[in-house]
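Below: one structure, written as structure tokens.
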Amino acid sequence: MVPFFKIEHLEKRFGGLAAVNNVSMTIGEGEIVGLIGPNGAGKTTLFNVITGVYAPKRGKVLLKGQDIAGLKPERICAMGIGRTFQIVKPFSSLTVLDNVLVAAYRRTASRQEATDAAMDILRFLALDEKSATLAAHLTLAQKKRLEMARALATRPIFLLLDETLAGLNHTEIDRMIETVQQVRERRGVTILAVEHVMRAVMKISDRVVVMDEGKKIAEGPPEEVVRKPEVIKAYLGDDYGSA
Amino acid sequence: MTAGSVLPAACAVAAAALFPLVVRDPYFVHAAIMVLLFAYLATSWNILGGLAGQHSFGHSAFFGIGAYVSTILFIYYHVPPLVGMAVGGVVASVISIGIGYPCFKLKGPYFALATLAFTEIFRIVVTSTEQIGGIDLKGAAGILIPLQPGKSLLNFQFSGKTSYYYLILVMLLAILFVYRWMERSRWGLYLAAIRDNEDAARSIGISATRYKMIALAVSAFFGATAGTFYAQLLLYIEPALFSSAFSIEILLIAVVGGAGTLLGPFLGALILTPISELTRTYLGGGYAGVQLIIYGAVLVAVMMFAPQGLIVPLKRGWRLLAERRP
Amino acid sequence: MAVLEIEGVSTFYGEFQALYDVSLKVEEHALTGIVGANGAGKSTILRTICGLAPARSGSILHNGVPLERLSTFEIARRGIALVPEGRRLFPAMTVLDNLLLGAFSKPERESREKRLGEVLKFFPILKKRKAQLAGTLSGGEQQMLAIGRALMGKPDIVMLDEPSLGLSPKMVSHIYRILDEIRELGITILLVEQNVEWCLKKADRAYILENGSVVLEGPGKELLSEEGVRKAYLGL
Amino acid sequence: MTGIIEAAVNGILMGGLYGLIAVSLSLIFGVAKIVNFAHGALLMVALFTVYWILELLKVDPYLSALLAGCFLFFFGYYFQRLFIEPILKREKDTAALTVILLTSGLMLIIENSALLLFGADYRTVRTAYTGKVWEVAGLYIMQPRLIGFVLSVVLIRLLEFYLRRTNFGRAIRATSQDREAARLMGIDDYRVYKVTFGIGTVILGFAAAFLTPFYFIHPAVGDLFVGKSFVIVVLGGLGSITGAFLGGLIVGLIESVGAQFINSAMVESLIFIVFIACLVIRPMGLLGKERE
């Protein structure tokens, strides 16, 4: 059977440095996979290769068996991959509704249908009351939800979340965790999430992939992965586990 | 349009329509025509510069193309200027695609410099071309447009300035309508998304290049029609229409008024065009540069104190005034 | 006496609050450590001290003098040296030029030649690479140059932001040795380090940061055994 | 054939002056990331400064540059301080376009003020060198051009020495490479910008002095150089001194040799075409290295 999403021997270099070095992984339909690793491990670069911001030097990115490596970002979105950005990138001069509407238009040309779809998503993310506010005037937590709303409005089958929780406080984090779980349950979206808040990673991920210095160093269920010596080493230093 | 803005808008249009009936001095009518023409031209720039956020420094290229294409068609093929206007618009749109292709690969100041270089190339080529395929371009000397016997809209020949005034007023209302329509349409949203954050726009499936091209082609089309109008108004065209200085003037009008707003370019024309028109006449000869000094001073002041354009503080003032009234 | 005293500092990037009411003290001749997960705000503390990310509230005292209103260059001239994350060398300038820039401030300029000799003795490899462009150095050499550049200014305090990041294990231990030596010279150090183990072992006093707040503080060795450390990192 | 060689030599000599003018633009662009549309107007100010010193004090043009330089340094310094600095401080990263428009406005003010003050006459100066020609190996070389070229090379060497070997020169280079890191070294970046702008205008003063013996002076004379300067800066790679100088030589060469084959206006458009191609294909310039 063709796997839902698969990366084979992906490599991306900047100058001499391999930011993503021979990374392979498979993600099944409906899974939530957490992607963790120290700063500079190559997680965001991996996202950027998957979503077409960069073309890989070598390797394949297969969505339902079709190689999408090297396609332009707008093509990849049309194939069903949505993403959020680590540093939020709202369309600041547009209202919250228009931010989502512009994405919903990618699926229908009808203003009515697009507006309905957008409002639906805004309700889902509890942003409906803010629909007429300019995106520039939202709080960070709201902007993070708006990022997610906008990505969802393109009706992705596969969603890449880049540090959706960074900069949120405890209550906001709990709320966002719930939202991510609902995105899968209600909308059937497969999710790959870069996340630093470990509490959240443990809670939402079916599986965790760990990267360090561009390479994949571990993979497995969250409780197991964080006990692996190589992971502890990457995070805490040389011989923490054995100390 | 919201209910609150219908009344002021209607009043403004009515006032504009009455203007030549009240003010009969042809000199003032001419100045008013220039204001409307520059408002029209700056609004056409605003379709690319404001809606899509691509601050082109080469808009005069399209103005010049419109002026030259319709004039050549008129003189050599007897095509009525009204038809020539449409043809010039289409030609400018097609050429704009060729310009957009390399320029849209560049950002910010580099985009500005590249578009500036393009319009300079046009100016230089037209200046140094006397003849092409049996058509006299007359190089730097420019072309005088002969009068036709029949007065008609099709031929752009009227008995007085007033008709030109109403024509450009209608054209301005039309382009403002187009601008508003584009802004509110699906395309307008795409363009706004690209303007605000191109990476994010592409991540939700919007092809940035394609929509910027569309905005450019529309912007070029209207810019060229302004060129035809100008040619028929003054009955004389010259390579300076392509100049980078003229491009910058167009951009300035839009930016001083407020790029990316419906009425910003109009406001800009209302302020800046009379400065150049009036001082040119009254100061004349020895003080030829004064209007440009005032022009420059306005520009410097706006950039230093209201870089979003004068419409922003104006709107804020209006709102305060409205709130103070019970 | 505390060289640096930070009291109730909150820092924002736009509307994103990166630090919540952070207080810490850096004692003279001591090594003070800051550890915490990615995005916890460690680098922000250093950037706030330097005025690169000014604090919105709270106070920062350097030998009793408030720093909050000073520009970065004025703070640097007071003898606060930062070895920034990613090293931030001047890549198209020579190793020598980079070092000399470390002693840009007027008072330091007079004893510059002497310090240059000391620093080059400290980092023999830099002496060999003196005329090379900084951008052509290896990662480890670049880190040494960044540290050497900071030492050129005869600093009151050296702040290091993840000096071991992106280096090979061998180079990491080399850098650690250098830090030990610097410490023996009696220079005050404020260290942000991803290697928690090492940092806590060495630190006279350490602070653990989570989501922009200090959650634990104490002598490094005591914290080493705390469950809170592992929790802050791995959520267990 | 001799005609072409002669054209090439004179083109390169003129190119040296183009290069010098572009070096000034490149320095300001490279350090403060300012696209200065008033560069031509500043050159005009420099030309008039040299002109009036010559007329009033009867100083040799090459010496008058030193006098002019003192005035021009402060002109440039306060140009940056009064107009550009407030915008940079306010807008941080997005100032590029505002600065372009601001400097366009300043250009209008400066050029038209000169027009009011000095009129639209084309002024020329007769110096000991004007119109003199040297004959070298059967080629006629205009004396003031050769002197200007040689002095330009010397001046650029001096500038490079200043940037490489002095404290403030190092600070200027450091600021252009990494502004934040420079601040961490105790460098006052805004002061570096102002001084750099001042140095840039001083260089224009020298360029003006080298031009004066064989060129004309007019309030709009800067327009003839400003477009070319931008082309040269892009050709040479932004912020590169040597690149800008070599770019100047290339443009001078294309201009004079091209004029032997096609009309000179068309050569100018050829230069712009090369410019656009370079921007799109090799934005790092002909000599620059590819960045990440």
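The values are calculated or read from the model by the stated rules, or taken from the named source; none is laboratory data. Source: prediction; values computed, not measured. We place every Cβ from the backbone using ideal geometry, glycine too, and count neighbours over all the protein chains shown. SASA here: full protein model, heavy atoms, side chains in, ligands and nucleic acids out. Shrake-Rupley method; radii C 1.70, N 1.55, O 1.52, S 1.80 Å.
Things worth noting here:
- Filtering region A:25-54 to residues that are in contact (Cβ under 8 Å) with a residue 24 or more places away in the chain, open to solvent by 30 Å² or more (accessible area, probe 1.4 Å) and either part of a helix (DSSP H, G or I) or more than 22 Å from A:ILE204 (Cα to Cα) (or both) leaves A:GLY40, A:THR44, A:TYR54.
- Counted residues, region A:1-24 - those being basic (Lys, Arg) and open to solvent by less than 50 Å² (accessible area, probe 1.4 Å): 1
- Qualifying residue in region B:158-181 (condition: within 14 Å of chain A (Cβ to nearest Cβ) and at pLDDT 90 or above): yes
- Among the residues of region C:60-117, those that are of a type in the set (Ser, Thr, Tyr) and open to solvent by 30 Å² or more (accessible area, probe 1.4 Å) comprise C:SER71, C:THR94, C:SER111.
- Failed condition for B:PHE57, given (1) over 25 Å from B:TRP181 (Cβ atoms); (2) assigned to a helix (DSSP H, G or I); (3) touching a residue at least 60 places away in the same chain (Cβ under 8 Å): (2)
- Residue within region B:243-254 that is at pLDDT 90 or above, more than 11 Å from chain D (Cβ to nearest Cβ) and open to solvent by less than 20 Å² (accessible area, probe 1.4 Å) present: yes
- Entirely in region C:55-170, the helices (runs of 4 or more DSSP H) that have 1 or more residues that are touching a Gly at 6+ places or on another chain (Cβ under 7 Å), within 13 Å of another protein chain (Cβ to nearest Cβ) and over 28 Å from A:ASN39 (Cα atoms): C:72-77, C:106-110, C:139-152
- Flag for B:LEU21 being in a helix (DSSP H, G or I) and either open to solvent by less than 10 Å² (accessible area, probe 1.4 Å) or without any contact (Cβ under 8 Å) to a residue 12 or more places away in the chain (or both): yes
- Tally of residues being part of a helix (DSSP H, G or I) and under 22 Å from B:PHE19 (Cβ atoms) across region B:138-178: 17
- Listing of helices (runs of 4 or more DSSP H) fully contained in region D:26-95 that carry 2 or more residues being hydrophobic (A, V, I, L, M, F, W, C) and within 15 Å of D:MET107 (Cβ to Cβ): D:39-57, D:61-79
- Top-ranked residue of region C:194-232 - restricted to ones that are under 18 Å from C:GLU27 (Cβ atoms) and assigned to a loop (DSSP other than H, G, I, E, B), ranked as most open to solvent (accessible area, probe 1.4 Å): C:ASP204
- Residues satisfying the stated conditions in region B:209-236, i.e. under 21 Å from B:ALA32 (Cβ atoms), of a type outside the set (Gly, Ala, Ser) and open to solvent by less than 30 Å² (accessible area, probe 1.4 Å): B:THR225, B:THR228, B:PHE229, B:GLN232, B:LEU233
- Any pair with Cβ under 6 angstrom, 6 or more apart, that starts in region B:189-211 at a residue that is more than 7 Å from every other protein chain (Cβ to nearest Cβ) and ends at one that is of a type in the set (D, E, K, R) and surrounded by fewer than 20 Cβ atoms within 10 Å (Cβ to Cβ): B:ALA208/B:GLU198
- Total residues in region D:123-176 satisfying the condition of being under 20 Å from the mean Cα position of the chain (by Cα), open to solvent by 30 Å² or more (accessible area, probe 1.4 Å), hydroxyl-bearing (Ser, Thr, Tyr) and under 24 Å from D:ALA65 (Cα atoms): the figure is 1.
- Residue satisfying all of: in region B:286-304; more than 22 Å from D:ASP121 (Cα to Cα) and within 7 Å of chain D (Cβ to nearest Cβ); surrounded by the fewest Cβ atoms within 10 Å (Cβ to Cβ) among these: B:ALA297
- Residue satisfying all of: in region C:151-167; in contact with a helix residue (DSSP H, G or I) (Cβ under 7 Å, 6 or more places away or on another chain) and open to solvent by 20 Å² or more (accessible area, probe 1.4 Å); farthest from C:ASN63 (Cα to Cα) among these: C:GLY166
- Options B:ALA288, B:ALA297: the member that is at pLDDT 85 or above, closer than 20 Å to D:ALA114 by Cα and of a type in the set (A, V, I, L, M): B:ALA297
- Some residue of region C:139-149 being open to solvent by 60 Å² or more (accessible area, probe 1.4 Å) and closer than 22 Å to C:VAL26 by Cα: no
- Selection over region D:231-276 of residues that are over 19 Å from D:SER176 (Cα atoms), hydroxyl-bearing (Ser, Thr, Tyr) and in contact (Cβ under 8 Å) with a residue 12 or more places away in the chain gives a count of 1.
- Residue in region B:305-316 that is more than 21 Å from D:LEU102 (Cβ to Cβ), at pLDDT below 90, surrounded by fewer than 17 Cβ atoms within 10 Å (Cβ to Cβ) and hydrophobic (A, V, I, L, M, F, W, C) present: no
- Residue ID - surrounded by the most Cβ atoms within 10 Å (Cβ to Cβ), chosen from residues in region D:23-61 that are of a type outside the set (A, V, I, L, M, F, W, C) and closer than 19 Å to D:PHE245 by Cβ: D:SER24
- Unmet criterion (only one of (1) under 17 Å from the mean Cα position of the chain (by Cα); (2) closer than 30 Å to A:ASP120 by Cβ; (3) in contact (Cβ under 8 Å) with a residue 60 or more places away in the chain) for A:GLU178: (3)
- Hits in region C:22-40 - residues which are facing another protein chain (nearest Cβ under 10 Å) and either open to solvent by 10 Å² or more (accessible area, probe 1.4 Å) or part of a loop (DSSP other than H, G, I, E, B) (or both): C:ALA37, C:ASN38, C:GLY39, C:ALA40
- Flag if C:LEU19 is outside any strand (DSSP E or B) and at negative phi: no
- Residue satisfying condition, being farther than 28 Å from D:SER229 by Cα, more than 8 Å from every other protein chain (Cβ to nearest Cβ) and open to solvent by less than 50 Å² (accessible area, probe 1.4 Å), within set B:LEU144, B:LEU137, B:LEU153: B:LEU137
- Region A:84-104, residues that are open to solvent by less than 10 Å² (accessible area, probe 1.4 Å) and either aliphatic (A, V, I, L, M) or part of a loop (DSSP other than H, G, I, E, B) (or both): A:THR84, A:PHE91, A:VAL96, A:VAL100, A:LEU101, A:VAL102, A:ALA103, A:ALA104
- Extreme residue, surrounded by the fewest Cβ atoms within 10 Å (Cβ to Cβ), among residues of region D:177-201 that are β-branched (Val, Ile, Thr) and assigned to a helix (DSSP H, G or I): D:VAL195
- Any hit, region D:202-215, residues being buried (at least 19 other Cβ atoms within 10 Å of the Cβ) and within 14 Å of chain C (Cβ to nearest Cβ): no
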